[in-house]
Amino acid sequence: MKKFQVKLFQTLLWTSVVPLAVVGLITIIFLHRMAIGAANQRLTNNLKIAQSAYRSVNDNLKFIVRDQNRRIYALIGEDQIDLLKNEYAKIVRDNRLDFFIITDNYGKVLVSMTNPAFEGRDYSRDYYVRRALRNQTNLATEVLDAGELQQLGLLEKAAIAGVPEPRGLVIKASMPLINNNEIIVGTMTAGYLLNNNNAVVIEKITRGTDLVSSIFLGDVRVCSDVPFKSKEKAVGSKLDTQAAAVLLEQKRDYFGRMAVSGNWYLASYTTLYNVKDEAVGILGIGLPEKSIFAQRDELTKIFIIAVVLSVCLSLLIGLINGGAIAASVNKLYWGIEAFARGDFTHRIEISSNDEIEELANFFNKTMQQLLAANRQLEVCSRNVETLESQVSYSAQQLEAAQKQLLEFERMAAMGRMATAVSHELRNTFAEIQTSLYNLKSKMNRECPQFVPNLKGVEESLTSANETIANVLRFSYPKKLIFSDVDVNYLIESLLAFPNLQEMFKHSKISVDKELDQQLPHIKADGLQLREAMHNLIVNAVQAMPQGGKLGIFTYVDQSEVRIKVVDTGTGMSKEALENLFTPFFTTKSRGLGLGLSITRATVSEHGGSIQVFSELNQGTTFIISLPVKRPQTSAGGG
């Protein structure tokens with residue numbers, strides 16, 4: 001019983017763990033996708049916010065420069081350069097400007113707030129200054145080379161570790177300086193250096209959030225608040241090559257998963273353009289994956305704990321109930337073992353209020369019946385022994401009587417079972433037949449092309465009813481009604497049956513019959529005898545699946561009418577011949593193996609005998625011998 005308990009435990013384990021594991025996996029995948037979806041939406045929204053913040057810095061720079069026009073013109077007109085420098089040193093400091101340059105109308109530098117050494121130099125070659133002298137306002141992100149950074153005094157401030165060629169990414173604004181008569185008298189140029197400068201844009205984007213942000217000159221970070229390892233810095237690191245190509249060459253926004261200093265981020269990037277609409281830099285924001293998946297991981301932990309607790313609880317309940325089932329099965333096992341020993345006094349006590357208890361009660365009733373039958377057999381045996389001593393019966397006759405008694409009991413039990421099963425099945429078949437008739441009627445009206453499909457169902461019902469009839473016929477043999485029977489006429493009429501003719505044609509069987517015209521009539525039950533012949537003929541046809549020849553012969557031998565049925569089929573093995581007339585023995589894929597048993601019983605009830613001769617691949621011959629006169633023994637059961 002240990003194997004049963006192990007299998008029961010394995011079943012409980014599988015039914016508990018597998019469904020919960022599948023649900024858990026689906027839930028975790030759903031949580032992951034939900035977290036990714038929320039992060040994608042958040043990054044999309046925050047990239048727009050970052051772009052808006054970057055534009056606001058640009059607009060603010062333009063307003064700062066524009067608002068200085070009147071005061072600068074007044075101070076220059078009064079030749080108050082020193083006062084201008086003093087006043088605008090505070091403006092530059094308060095607005096965190098990295099450069100502020102004023103030129104005259106020829107492009108000569110009058111004031112350079114961040115590099116006084118640049119004053120007096122020619123600045124007219126600068127693209128922004130030239131456009132301002134033509135009364136154009138310019139505002140954009142630009143790249144300054146080392147020379148331009150040197151002019152503005154920003155070379156050292158723009159230096160980035162690991163980048164050999166110093167360059168600077170700036171937000172630059174330039175506009176004309178106009179007098180009261182709307183005449184251009186000079187230019188104003190100001191801006192922010194973004195290299196190493198998180199205060200201008202980065203802090204405005206990420207303040208108060210768990211986002212990180214970076215600005216790139218080309219594909220090199222020039223300012224960033226991405227946390228890096230202690231001996232490294234984010235500034236100076238490069239963007240992924242594939243992402244940089246999409247942004248700088250294809251000029252499309254990029255969204256993806258990025259690894260920076262061993263930490264993973266979901267990041268979104270957009271391209272920065274100069275005044276000539278050339279891609280010069282990148283603005284990006286990122287969301288740490290540990291932040292994205294924090295809630296998912298917490299929910300996953302809670303779910304896993306719940307799953308484990310559910311599995312443990314299921315196993316506990318299952319083991320308690322399974323233990324009770326195993327104990328009941330164990331009692332049934334010992335009861336069957338007692339039956340095998342012949343101990344019919346053994347009883348099984350189970351109170352489970354289920355099918356196992358019903359099975360135990362059935363076992364107890366069966367054992368009680370067997371005990372009673374055994375006692376009756378013992379009484380019969382004693383009576384038989386007394387009779388044997390009185391009438392000198394042989395040991396073989398006594399044994400035959402005992403076997404016949406057991407056979408009658410078995411047949412009686414089988415008859416009761418067959419009657420009950422037949423009753424239930426025929427009721428069911430009747431309901432199916434009625435439903436099939438209604439369905440067929442409806443399909444005749446609505447879908448006549450599908451009516452032939454119901455033929456197989458009708459044939460199966462007919463076959464099932466025939467099978468039930470065979471079981472009943474075997475269990476409750478009919479009482480024979482004797483009359484004069486012409487065996488030749490019986491065979492001729494049987495071979496003319498449409499179903500046999502169709503079977504011969506379908507199986508490519510040729511029939512050869514030689515019937516003795518001097519054959520006397522016999523006393524027999526014509527219907528039962530015809531059914532026995534029908535069984536032999538059908539068996540012969542089924543033994544010739546590739547076609548063949550069927551021979552039927554009648555003749556008289558030693559005051560007996562003999563019927564010989566010969567086929568050229570596959571024949572039978574020695575083992576099959578030994579069990580041929582055993583009830584329920586069959587070598588076919590379908591059927592109950594009762595046909596030949598019924599045939600032999602029918603022949604025996606007529607006082608006759610049946611012989612069979614067969615070899616593998618050599619065909620089979622059946623010979624029925626029937627007495628001409630009616631047998632003296634009582635035929636059949638009621």
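Nothing in this text is a laboratory measurement; each read-out follows from the coordinates by a stated rule. Small disclaimer: the values here were computed from a predicted structure and weren't measured. Ideal geometry is used to build each Cβ from the backbone, glycine not excepted, and the neighbour counts take in all protein chains shown.
A cut-off of 5 Å between modelled amide H atoms, ignoring neighbours fewer than 5 places along the same chain, links residue 178 with 185. Within the straight-line cut-off of under 15 Å between alpha carbons, the aspartates and glutamates reachable from residue 290 are 210, 298, sequence neighbours fewer than 8 places apart in one chain being disregarded.
Note on residue 32 and residue 313: with the Förster distance fixed at 22 Å, the Cβ-Cβ geometry gives a FRET efficiency of about 0.20. In region 234-290, the alpha-carbon atoms span a convex hull of 78 Å³ per residue. Which of the residue pairs 513/549; 85/157; 479/523 have a Cα-Cα distance greater than 18 Å in the structure shown? From the list (513/549; 85/157; 479/523), the Cα-Cα distance tops 18 Å for 85/157.
Available extension along the chain between residue 291 and residue 137 is 51.1 nm, counting 0.36 nm per residue and deducting the alpha carbon span. For residue 272, the amide hydrogen comes within under 5 Å of the amide hydrogens of 280, 281, 282, 283, counting only partners 5 or more places away or on other chains and with H modelled in the peptide plane.
Using only the alpha-carbon atoms of region 338-384 as identical scatterers, what base-10 log of I(q)/I(0) does the Debye formula give at q = 0.27, 0.30 Å⁻¹? So the normalised log intensities work out to -0.94, -1.03.
With one equal scatterer per alpha carbon and no solvent term, the Debye-computed log10 I(q)/I(0) for region 205-267 at 0.17 1/Å reads -0.61. A cut-off of 5 Å between modelled amide H atoms, ignoring neighbours fewer than 5 places along the same chain, links residue 544 with no other residue. Once the Cβ-Cβ distance of residue 445 and residue 499 is raised to the sixth power relative to R0 = 30 Å, the FRET efficiency obtained is 0.50. State the percent of C-alpha pairs, over all pairs in region 302-365, separated by a distance greater than 21 angstrom. Across region 302-365, Cα pairs with separations above 21 Å total 42 percent. With a Förster radius of 51 Å applied to the C-beta separation of residue 55 and residue 305, the computed FRET efficiency comes to 0.60.
Mean projected area of the Cα convex hull of region 152-266, taken over all directions, amounts to 10.5 nm². Considering all different alpha carbon pairs of region 187-340, the Kirkwood hydrodynamic radius works out to 20.3 Å.
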